[in-house]
Amino acid sequence: MERARLVTPGGVNSPVRAFTAVGGTPRFIGSAAGARLTDVDGNEYVDLVCSWGPMLLGHAHPEVLAAVHEAVSRGTSYGTPTRPEVELAEEIVARTPVERLRFVSSGTEATMSAIRLARGFTGRDVIVKFAGCYHGHVDSLLASAGSGLATLAVPGTQGVPESSTALTVVLPYNDRAAVTAAFAEHGDRIACLITEAAAGNMGVVPPEYVEVGGDTGGGAPRMSGFNQFLSETCRRNGALLVSDEVMTGFRASRQGYWGIDGAHEGWVPDLMTFGKVMGGGFPAAAFGGRADVMGMLSPEGPVYQAGTLSGNPVATTAGLATLRLADESVYDHLNAVADTITKAAGAALDEAGVPHVVQRAGTMFSVFLGLTQAVVDFEHASAQDTAAYAAFFHAMLEAGVYLPPSAYEAWFLSSAHDDAAVETILVALPGAARAAARSAKGPA
Ligand SMILES: Cc1ncc(COP(=O)(O)O)c(C=O)c1O
């Protein structure tokens, strides 16, 4: 780590890896297989980060590796169209509501390009996002709410000029009144609203469902989800809805969060963004959506977008192998393991007297310590007890379980999390809960 810090700011190539939020020194991982990471000192950990989401099938899955080895043996990049990128695009089109898509190399590039396309398609300039939703480090999306709810945003970090966030409106997640007010104020200028399909970057905070009257037949009340509401609001105002599934895509369910929410009638995103799982552990991401909107993209249309390594044959081969292997049985397994771990974590925290809230979005989940009410937005998520989480994290690490080194992250599982891996987690939880109790603040 000392050598790393000399040559790289913070010793890391993405800030959350530095353990800043939990203290201590990051583990340098030398290899990984299945559900386990091995650090360069030979210590083994059951991995609940899974490279921040991508490793849906676990590390070094033999069939994914075989496909990658075969692809690499034919060269690694040609800068021309290739077969795997078409096949991966077809697989994504078959699983999601997107009609056409384009590959890029990171989630950041996907959301950046989707916003440019939405602006080009609508001829409008303002964009709307939610506090606590992360869409990568795009200048216009690293924004914090301005002085009033419907006012334009201010930069969320140094280095972003005010002019880059002056066309962004930042609203509280799940707040329908704030969305309505922002569209009343800026409606005819809003090009798009971008939202995580279910928020995963402030911990897991799903979109809220409310009863809207009437019933669906069997006496069940008709429900409207926050995403449906956003879709209707965008449609009424001539804006596009961009549903960011970089984290949830092919992860929350086989069809992403869309597959869960799609059970509820009445909304289709105009554009979607994907990353993580669809790259099978390689840098690959995509944005896609309505055929008429995607037709605006260069070279068919006037909105420019490009990339030297976009649709890279090795990355798309890894993604294709991953998605083809990820059938319903994988998600059934992930859901069953998520049930077991969330129940055990809840029981251990109850036993230790630590207030907590566990939230799920399909197979994804996270645990908020120090809270007792369901978390619906970033302000509420920010009231969690991060010191208790740091104690919990380190106790789990000592016991051989690698959790996200931040309280604001989802816990990720893989199909390789077998009974032995789950057992390691179950054995570790009670001691970690007691460690959290020792540093807990009490309920917020
Ligand atoms: C929802 C969401 N969108 C976009 C991104 C950015 O993706 P990348 O880190 O590949 O740039 C992330 C990364 O965590 C994400 O979770």
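Summary table below
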read-out	value
Cα pair count fraction exceeding 19 Å, expressed as % - segment 390-442	28 percent
³J(HN,Hα) computed for each position of segment 316-333 - Karplus, 6.51 cos²θ - 1.76 cosθ + 1.60, integer Hz, glycine/proline x	6, 5, 5, x, 5, 4, 5, 5, 5, 7, 8, 8, 4, 5, 5, 6, 4, 5
Under 5 Å, built H, 5+ apart or other chain: amide partners of ALA143	GLY156
Under 5 Å, built H, 5+ apart or other chain: amide partners of TYR402	VAL46, ASP47, LEU48
Amide proton proximity set for LEU57, modelled H, under 5 Å, gap of 5+	SER415
Sequence of TRP52, TRP267, TRP258 once ranked by neighbouring C-beta atoms within 10 Å, starting from the fewest	TRP52, TRP267, TRP258
Percentage relative contact order, segment 282-405, counting C-alpha pairs under 8 Å, at least six apart	13 percent
Whole-angstrom Cα spans of segment 1-138 along principal axes, big to small	53, 40, 27
Net length gained if the chain between ALA306 and GLU70 were fully extended (0.36 nm per residue, minus Cα distance)	82.3 nm
Relative contact order %, segment 268-320, counting alpha carbon pairs below 8 Å whose residues are six or more apart	42 percent
Two-decimal log10 I(q)/I(0) for segment 198-305, as the Debye equation yields it once each C-alpha is a single scatterer, q = 0.13, 0.16 Å⁻¹	-0.59, -0.84
Cα Rg, Dmax, segment 183-230, angstrom units	14.5, 42
Summed residue charge, Cβ within 13 Å of ALA388's Cβ, Lys/Arg positive, Asp/Glu negative	+2
Cβ-defined net charge surrounding GLY30, 13 Å radius [Lys, Arg +1; Asp, Glu -1]	-1
Highest-fluctuation residue, TYR173, TYR78, TYR209 considered, GNM on the chain with Cα pairs under 10 Å	TYR78
10 Å-binned pair-distance histogram of segment 360-421 (Cα, whole percent)	19, 48, 27, 5
Alpha carbon convex hull of segment 129-219, volume per residue in cubic angstrom	121 Å³
Counting all C-alpha pairs of the chain, share separated by more than 28 Å (%)	51 percent
Whole-Hz ³J(HN,Hα) from phi, Karplus 6.51 cos²θ - 1.76 cosθ + 1.60, for segment 160-174, glycine and proline x	9, x, 4, 5, 6, 10, 5, 10, 10, 10, 10, 10, x, 4, 6
Relative contact order of the chain, pairs being alpha-carbon contacts under 8 Å that are 6 or more residues apart, as %	22 percent
Scattering curve values for segment 288-443, log₁₀ I(q)/I(0), Debye with Cα scatterers, q = 0.08, 0.14, 0.19 Å⁻¹	-0.35, -0.79, -1.10
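Computed from the coordinates by the stated procedures, all read-outs in this text should not be read as laboratory data. Note that this is a predicted model, so its numbers are computed, not measured. Neighbour counts run over all protein chains shown; Cβ positions are idealised from the backbone, glycine included.
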